[in-house]
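Step one of this worksheet: look at the structure below.
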Amino acid sequence: MSSLASYAVRVEQSRGRRYPEPAHPYRNDFQRDRDRIIHSRAFRRLEAKTQVFTRRYSDHFRNRLTHTIEVAQISRTIAAQLGLNVDLVEALALAHDIGHPPFGHAGEKALDAMMRQYGFFFDHNLHALRIVEDFELRYAAHRGLNLTFEVREGIIKHSRDYEARRFPELSEYVLDQRPPLEAQLIDATDELAYDTADLDDGYEARLLSLEQVQAKLPVFAEFFTEVEALYRDAPKKLQFNEVLRRILDRWVTDLIENTRAQVESIGRVEPDRRVYSRVNHAGEESRRPKIELEDIRRYPKRLVALSPAVETERRQTKEFLYGNLYYSSVLQPEKEDAERVITELFDLWMKHPEKLPAGYQEKTKSEPGARVVCDYIAGMTDTYIREQYEKFCGQPERASARN
Ligand code: MG
């Protein structure tokens, strides 16, 4: 793998698996981890979990699985350009949403609110770690998928930092250090993927109009002028798509270039590992010290980022989506349904643990009831939780009944 940058994660330097395993003859450990994720039940469930739109809109819209595949595809492209470890990036991208409960962000909010009533909280990254460490049962020798340290670390740290003081159970994941660029990349790509995809699905669902997007998003308006001149007679939907692919391409290119520039600007960590010296760019290329993975890890901030100008475009797009799509009154009834289904089922199983499946009843002997109920609900697909709701709470739901 000579194309790897000096700061990339090298699979042969992996800190390894919790339970040592013999090497595979032709798949490296990160490739095996990627394959384990794809073959997991949690990965298959992504297909029946809401991203933004539930199935009642259309089968053409993204669900969490197709969103995940888009994130993996974009991440691989960027990783290859930056000389990062593409296998690790792919494994992390494919795992990045497996901890999400049913019903998208509304479901996550409702589950978190229920947990807080019992003095806990819900965090999808922590839940994803529990899935790969404990809930997936595929191997006779151990629980979980026995993934490498780097994949587990990335699952936890890809989108946020965890304070060592508050999360002693995560101490093995070197919380005082940044994750490698392979993990940092996932969060950035996730944003680019869903910002553009949600404009697409929102337009297709007729919740966003071309005029509205053009008026509110300068980046869209700029590319629309170009696209209209090129394809004057094309249907509006195709003009819309032509703009979206230009936006995504600009953002991805900027992310690659800006990240590369940021990494090159940090210089090397001095031997005492606290002070950073800037590389003298006037010096000869060959005499510049190489930036190592350790420099990325010990740098005080994350380095995968858009340039300030493009970050503004992305932020405007995200704010536009919040104001006009995610909080749209049209999607409100579904959010209320999500909240009602999760809240009522949570309450029911807390009051009647005997109605939980036998395996979960057993778990309540060694774990707090709320944690067990939360794990059970978080693992469900939209389809399965609706069935449970009808079984235990009786009435068919409003949103699904409207069709
Ligand atoms: Mg995502």
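The values are calculated or read from the model by the stated rules, or taken from the named source; none is laboratory data. This structure is a prediction, so every number in the text was calculated from the model and none was measured. Note that we place each Cβ from the backbone using ideal geometry, even for glycine, and neighbour counts take in every protein chain shown. Only protein heavy atoms, including side chains, enter the accessible area calculation; ligands, DNA and RNA are left aside. Shrake-Rupley method; radii C 1.70, N 1.55, O 1.52, S 1.80 Å.
Across the range 55-62, not a single residue is classified as among the hydroxyl-bearing types (Ser, Thr, Tyr) and either open to solvent by less than 20 Å² (accessible area, probe 1.4 Å) or modelled with pLDDT of 95 or more (or both).
Checked against the criterion of being part of a helix (DSSP H, G or I), open to solvent by 50 Å² or more (accessible area, probe 1.4 Å), of a type in the set (Lys, Arg) and at pLDDT 95 or above, the candidates 232, 245 yield just one match: 245.
For beta carbons closer than 6 Å, sequence separation of 6+ or different chains, a first residue in the range 309-337 that is over 22 Å from residue 188 (Cα atoms) and a second that is of a type in the set (Asp, Glu) and open to solvent by 70 Å² or more (accessible area, probe 1.4 Å), there are no qualifying pairs. State whether the residues of the range 128-148 include one that is closer than 18 Å to residue 46 by Cβ and under 14 Å from the mean Cα position of the chain (by Cα). So far as the range 128-148 goes, yes, one or more of its residues are closer than 18 Å to residue 46 by Cβ and under 14 Å from the mean Cα position of the chain (by Cα). Restricted to the range 306-325, and to residues there that are open to solvent by 30 Å² or more (accessible area, probe 1.4 Å) and either farther than 29 Å from residue 107 by Cα or among the hydroxyl-bearing types (Ser, Thr, Tyr) (or both), the residue that is nearest to the chain's Cα centre (by Cα) is 322. Looking only at residues of the range 20-35 that are open to solvent by 20 Å² or more (accessible area, probe 1.4 Å) and touching a residue at least 12 places away in the same chain (Cβ under 8 Å), we find that the one that is farthest from the ligand (Cβ to nearest atom) is 21. Only one entry of 98, 69 meets the criterion of being buried (at least 23 other Cβ atoms within 10 Å of the Cβ) and within 16 Å of the ligand (Cβ to nearest atom), and that entry is 98. Of the residues that make up the range 188-200, is at least one assigned to a helix (DSSP H, G or I), more than 16 Å from the ligand (Cβ to nearest atom) and open to solvent by less than 40 Å² (accessible area, probe 1.4 Å)? The answer is no; no qualifying residue exists.
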